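S.K.: Just passing along the structure, written as structure tokens.
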Amino acid sequence: MGRWEPDTRGRLERAAIELYLEQGFDQTTVAQITKHADLTTRTFFRHFADKCDVLFVGADELRERVAKTIAAAPPAWSAFKAAASGLNIAAAALQIRRDEAQDRRKLIRDTPELRERELIMFASVAETVAEALSERGVEDRAARVTAEAMLAALRVAFEYWGEHPDRELPQLVDETLDELKDVVGSGN
């Protein structure tokens, strides 16, 4: 087995996604993934907690980047603008890995267990955004509602992106946030 070859984690991710798309998430086992990647099951569990974890790898690092971006935003920026800067970092990271992000989107959309895991991940990102805004001096309730609204806008933009492959996700996030500001700002 090629277990000492480089990019073990990437090989496992690619093997898992290929098999999930080919035969379905529920029908794919860890043993099949590791065989497809020419690795051991033990190696899989060194990198992932379970087979769901493969689809959410990098979420912690992305949350950290979002929080750092919000913290680094100029103090004069509004909570909305600071949070938007964090979301744009997330959107740019997804844009770079567009095909993989779209494959993951399809798998998550088609699998109830993964949709639940995605909701937990989004709640965690919203909490991170709210904490970063609170650290900037935004009142707790305002920070939480801003974070939740921002994440809702990101999710809407992401779904639209999947249906419009010719568009860029960061641009769609900006457009969705502008629409949110228009609706909230109009008082209707």
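S.K.: So, by mean Cβ neighbours within 10 angstrom, what's the order for 173-183, 143-153 with the highest one leading?
M.R.: In decreasing order of mean packing, 173-183, 143-153 become 143-153, 173-183.
S.K.: Say each of residue 71 and residue 23 gets a label point 7 Å from the Cα, pointing the same way as Cα to Cβ; how far apart are those two points in nm?
M.R.: Label-label distance for residue 71 and residue 23, simple model: 4.4 nm.
S.K.: Oh, and also: Treating the angle as unsigned and between 0 and 90°, give the value, to the nearest 10°, between the Cα long axis of helix 112-135 and the longest Cα principal axis of the chain.
M.R.: The angle comes out at about 40 degrees.
S.K.: Which order do the peptides 162-168, 55-61 come out in when sorted by mean C-beta neighbours inside 10 angstrom, highest first?
M.R.: Ranking the peptides 162-168, 55-61 by packing returns 55-61, 162-168.
S.K.: For helix 169-186, what angle does its Cα long axis make with the longest principal axis of the chain, in degrees from 0 to 90 and rounded to 10?
M.R.: Helix 169-186 sits at roughly 30 degrees to that axis.
S.K.: How far, in degrees from 0 to 90, does helix 140-163 lean away from the longest principal axis of the Cα atoms of the chain, to the nearest 10?
M.R.: 50 degrees
S.K.: Trypsin sites (Lys or Arg not before Pro) within segment 34-121: which are DSSP loop residues with at most 15 other Cβ atoms inside 10 Å?
M.R.: Answer in residue order: 97.
S.K.: Along segment 71-87, what does the Karplus equation 6.51 cos²θ - 1.76 cosθ + 1.60 (θ = phi - 60°) give for ³J(HN,Hα), rounded to whole Hz, x for Gly and Pro?
M.R.: Ordered by residue, 3J(HN,Hα) equals 5, 7, 5, x, x, 6, 5, 5, 4, 4, 5, 5, 5, 4, 5, x, 5 Hz.
S.K.: Apply 1/(1 + (r/R0)^6) to the Cβ-Cβ distance of residue 31 and residue 99, taking R0 = 25 Å, and write down the FRET efficiency to the nearest 0.05.
M.R.: Computed FRET efficiency for residue 31 and residue 99 comes out at 0.45.
S.K.: Quick one: compute the contact order of the chain, relative version, from alpha carbon pairs under 8 angstrom and 6+ residues apart, as a percent.
M.R.: Relative contact order for the chain comes out at 19 percent.
S.K.: Starting from the 7 Å offset along Cα-to-Cβ, what nm value, one decimal, do you get for the label separation of residue 116 and residue 171?
M.R.: It works out to 3.9 nm between the two label points.
S.K.: Using 0.36 nm times the number of residues separating residue 183 and residue 47, minus their current alpha carbon distance, what extension gain do you get?
M.R.: Difference between extended and current length: 44.6 nm.
Bear in mind that the values in this text are calculations on the coordinates, not laboratory data. Keep in mind it's a predicted model, so treat the numbers as computed, not measured. So basically every Cβ, Gly included, is an ideal-geometry build from the backbone, and we count neighbours across all protein chains shown.
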